[in-house]
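Here's the structure, in structure tokens; my notes come after.
The values are calculated or read from the model by the stated rules, or taken from the named source; none is laboratory data. Computed from a predicted model, the values in this text were never measured in an experiment. Glycine also receives a Cβ, built like all others from the backbone with ideal geometry; neighbour counts cover every protein chain displayed.
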């Protein structure tokens, strides 16, 4: 195991965007301060012959500047007026990166304060390993840090937050929020037709599916619906065969997997449902899959991996052919990563965020056995730890998403 120290004892957490907050009776709405940025300023300066970098064509210079780390933008913007225009707005910065096809991964962690329960987003630049903040979600002040549904469309740089629990009355919410990394802003979307908390959610072919969960009266639901992000409209899909809240969910082979999950002591066998959007049909989850799903899941290389909460936090992978689980070769999650933790992935990397937002990064390697005719896949993992700065020591993780920008 390798440990990576990415910050000093009091390393700062930077704002990913420059924002101001205004209050409305129900929502806090984030607004980007654009008064300092005249869209015509850069054009006028370029026509005057002021280059981005002396001696380089502007297109080459822009390729260089858009690779500079975000945490140093406050310094870069002081170089000249054109640099100020480029680095003065993170929305403009990321929009230019999108135009030129940059796709660097960023880990968005939804966290809450240990004592107050106050929620906030922290963002880790997975290239520079520096932490940043984004504007607060425009939701009610008193919400529980658990119970939301989170989905993302990584290569479009957007994530959605749905439902949740209003903490002062314990009622579920029908709220839907969208965050765009390229503008660094939240938007309030059309509400779900049914208020939900602790429900399944996932993206299949660009469509966002939600299912089950707890209603505003805290009864378990069997209904499901789908959001078309382009149109912003919700439509019903087939109901599940049972009323069920979810412990974990995943999208595998174009299907939405929803598990009720194990709870200690193991008195009750967990339930699980699988939705196929092609047939608009639900079916019971395979026995081995639901009984061995004892932790938080990610999908890597077309396989379902679970960070188990009961077997010394070892990593295991599901074999659909045998309806069984195989241990992944390698050590368990490093001891520095304490529960509760949340899990996400990018390419062949798995990110486990624990207390104080320390992160275990697992490098997944795929191997093929030479001793079987079926050439069954085996996997191994090696871990390294990315320690968070002390300024994040009071935070606990709830969920995480990876976006590219």
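Restricting the stretch 334-349 to residues that are outside any strand (DSSP E or B) and within 25 Å of residue 391 (Cβ to Cβ), which is nearest to the chain's Cα centre (by Cα)? Walk me through how you get there before you give the answer.
Of the residues in the stretch 334-349, the ones outside any strand (DSSP E or B) are 334-341, 347-348.
Checking which are within 25 Å of residue 391 (Cβ to Cβ) leaves us with 334-341.
Values: 334: 22, 335: 23, 336: 22, 337: 18, 338: 19, 339: 18, 340: 16, 341: 13 Å.
Among those residues, the one meeting the criterion is 341.
Residues of the stretch 216-250 being buried (at least 19 other Cβ atoms within 10 Å of the Cβ) and under 23 Å from residue 296 (Cα atoms), which ones?
Across the stretch 216-250, the qualifying residues are 221, 224, 240, 244, 245, 246, 247, 249, 250.
Any idea which of 253, 214, 239 is over 25 Å from residue 400 (Cβ atoms), out of contact with any helix residue (DSSP H, G or I) (no Cβ under 8 Å at 6 or more places or on another chain) and either modelled with pLDDT of 95 or more or in the same structural domain as residue 199 (by TED's automatic domain parsing) (or both)?
Details: 253 fails: over 25 Å from residue 400 (Cβ atoms); 214 fails: over 25 Å from residue 400 (Cβ atoms).
Result: 239 is the single residue among 253, 214, 239 that is over 25 Å from residue 400 (Cβ atoms), out of contact with any helix residue (DSSP H, G or I) (no Cβ under 8 Å at 6 or more places or on another chain) and either modelled with pLDDT of 95 or more or in the same structural domain as residue 199 (by TED's automatic domain parsing) (or both).
Quick one: which residue in 299, 274 is closer than 23 Å to residue 379 by Cα and surrounded by 14 or more Cβ atoms within 10 Å (Cβ to Cβ)?
Sole residue among the options that is closer than 23 Å to residue 379 by Cα and surrounded by 14 or more Cβ atoms within 10 Å (Cβ to Cβ): 299.
If we keep just the residues of the stretch 92-118 that are more than 19 Å from the chain's Cα centre (by Cα) and surrounded by 20 or more Cβ atoms within 10 Å (Cβ to Cβ), which is nearest to residue 390 (Cα to Cα)?
Filtering the stretch 92-118 for residues that are more than 19 Å from the chain's Cα centre (by Cα) and surrounded by 20 or more Cβ atoms within 10 Å (Cβ to Cβ), the one nearest to residue 390 (Cα to Cα) comes out as 93.
Looking only at residues that are at pLDDT below 80 and assigned to a helix (DSSP H, G or I) in the stretch 51-97, which one is nearest to residue 123 (Cα to Cα)? Quick ask: steps written out before the conclusion?
First pass over the stretch 51-97, keeping only residues at pLDDT below 80: 71, 89-92.
Checking the rest, the ones that are also assigned to a helix (DSSP H, G or I) come to 71, 90-92.
On the way: 71: 12, 90: 14, 91: 15, 92: 18 Å.
The residue in question is 71.
Within the stretch 306-323, how many residues turn out to be within 22 Å of the chain's Cα centre (by Cα) and part of a strand (DSSP E or B)?
6
Could you please tell me which pairs satisfy a Cβ distance under 6 Å, a separation of 6+ or placement on different chains, a first residue in the stretch 49-71 that is assigned by TED's automatic domain parsing to the domain that holds residue 87, and a second residue that is modelled with pLDDT of 85 or more and not in a helix (DSSP H, G or I)?
Qualifying pairs under 6 Å: 58/52; 61/52; 61/53; 69/128; 71/130.
Looking only at the stretch 350-360, how many residues end up being part of a strand (DSSP E or B) and in contact (Cβ under 8 Å) with a residue 40 or more places away in the chain?
Final tally of qualifying residues: 5.
Kindly indicate whether residue 288 is within 30 Å of residue 114 (Cβ to Cβ) and either modelled with pLDDT under 95 or more than 23 Å from the chain's Cα centre (by Cα) (or both). Walk me through how you get there before you give the answer.
Numbers: within 30 Å of residue 114 (Cβ to Cβ): no; either modelled with pLDDT under 95 or more than 23 Å from the chain's Cα centre (by Cα) (or both): yes.
No: the conditions fail for residue 288.
Somewhere in the stretch 142-155, is a residue free of Cβ contacts under 8 Å to residues at least 24 places away in the same chain and surrounded by fewer than 21 Cβ atoms within 10 Å (Cβ to Cβ)? Quick ask: steps written out before the conclusion?
Taking the stretch 142-155 first, the residues free of Cβ contacts under 8 Å to residues at least 24 places away in the same chain are none.
No, the stretch 142-155 contains no residue that is free of Cβ contacts under 8 Å to residues at least 24 places away in the same chain and surrounded by fewer than 21 Cβ atoms within 10 Å (Cβ to Cβ).
Of the residues that make up the stretch 169-188, is at least one assigned by TED's automatic domain parsing to the domain that holds residue 110, within 27 Å of residue 294 (Cα to Cα) and part of a loop (DSSP other than H, G, I, E, B)?
To start, the set of residues in the stretch 169-188 that are assigned by TED's automatic domain parsing to the domain that holds residue 110 comprises 169-188.
Checking the rest, the ones that are also within 27 Å of residue 294 (Cα to Cα) come to 170, 172.
Keeping just the survivors that are part of a loop (DSSP other than H, G, I, E, B) gives 170.
Scanning the stretch 169-188, I find at least one residue that is assigned by TED's automatic domain parsing to the domain that holds residue 110, within 27 Å of residue 294 (Cα to Cα) and part of a loop (DSSP other than H, G, I, E, B), so the answer is yes.
Would you check if residue 325 is within 24 Å of residue 202 (Cα to Cα) and assigned by TED's automatic domain parsing to the domain that holds residue 115?
Details: within 24 Å of residue 202 (Cα to Cα): yes; assigned by TED's automatic domain parsing to the domain that holds residue 115: yes.
For residue 325, the condition - within 24 Å of residue 202 (Cα to Cα) and assigned by TED's automatic domain parsing to the domain that holds residue 115 - is met.
State which residue is surrounded by the fewest Cβ atoms within 10 Å (Cβ to Cβ) when the search covers only the stretch 314-345 and only residues that are in contact with a strand residue (DSSP E or B) (Cβ under 9 Å, 6 or more places away or on another chain) and over 16 Å from residue 379 (Cα atoms).
Taking the stretch 314-345 first, the residues in contact with a strand residue (DSSP E or B) (Cβ under 9 Å, 6 or more places away or on another chain) are 314-320, 324-334, 336-337, 340-345.
Cutting the leftovers down to over 16 Å from residue 379 (Cα atoms) gives us 334, 336-337, 340-344.
Numbers: 334: 21, 336: 16, 337: 20, 340: 13, 341: 23, 342: 20, 343: 23, 344: 21.
So, considering only residues that are in contact with a strand residue (DSSP E or B) (Cβ under 9 Å, 6 or more places away or on another chain) and over 16 Å from residue 379 (Cα atoms), the one surrounded by the fewest Cβ atoms within 10 Å (Cβ to Cβ) is 340.
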